[in-house]
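The values are calculated or read from the model by the stated rules, or taken from the named source; none is laboratory data. Everything quoted here is computed from the prediction, not taken from an experiment. Cβ coordinates were reconstructed from backbone atoms using ideal geometry, including for glycine residues, and neighbour counts include every protein chain displayed. Just the protein is used for accessible areas: all its heavy atoms, side chains included, with ligands, DNA and RNA removed. Shrake-Rupley method; radii C 1.70, N 1.55, O 1.52, S 1.80 Å.
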Amino acid sequence: QVHLAESGGGLVQAGGSLRLSCAASGRTFSSYVMGWFRQAPGKERDFVAAIRWSVGNTYYADSVKGRFTISRDNAKNTVFLQMNSLKAEDTAVYYCAARDSWWPANEPSDYNYWGQGTQVTVSS
């Protein structure tokens, strides 16, 4: 059974940084795409970034390009989201997700497994 556990959220001032982690377990993820999504109160869950686990190709939403970086540590089965130059509008619950496919995707419905989420709050 796939299990995804996020950590690293918290409260940070605008302009600051946070690094989120997603520990993945339950199977081999080499053929998976791992994604980060976020959901602000009253809004839909939005794509943030994705990475193809085996080759490391990365994909980003326009709103975070140049500020966020997704990466993975194969030995630790962990995916990271480094968030720099944070803005108040980045405030949301951030979710890690796994897609059982070689091909990347940016819709929540395309992902098979989800973590419980971690809150990120950016104060202005």
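The rows are residues; the columns are (1) over 13 Å from residue 6 (Cβ atoms); (2) modelled with pLDDT under 95; (3) of a type in the set (Lys, Arg).
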residue	(1), (2), (3)
58	yes, no, no
65	yes, no, yes
74	yes, yes, no
88	yes, no, no
99	yes, no, yes
102	yes, yes, no
105	yes, yes, no
116	no, no, no
*Which members of segment 79-119 meet the condition of being farther than 19 Å from residue 64 by Cβ, in a loop (DSSP other than H, G, I, E, B) and open to solvent by less than 60 Å² (accessible area, probe 1.4 Å)?*
101
*Answer yes or no: is there a residue in segment 28-38 that is over 20 Å from residue 103 (Cα atoms) and not small (Gly, Ala, Ser).*
yes
*Within segment 10-32, can you find the residues that are open to solvent by 30 Å² or more (accessible area, probe 1.4 Å), not aliphatic (A, V, I, L, M) and not in a strand (DSSP E or B)?*
15, 17, 26, 27, 28, 30, 31
*Evaluate segment 33-46: report whether one residue or more is open to solvent by 30 Å² or more (accessible area, probe 1.4 Å), among the β-branched types (Val, Ile, Thr) and within 12 Å of the chain's Cα centre (by Cα).*
no
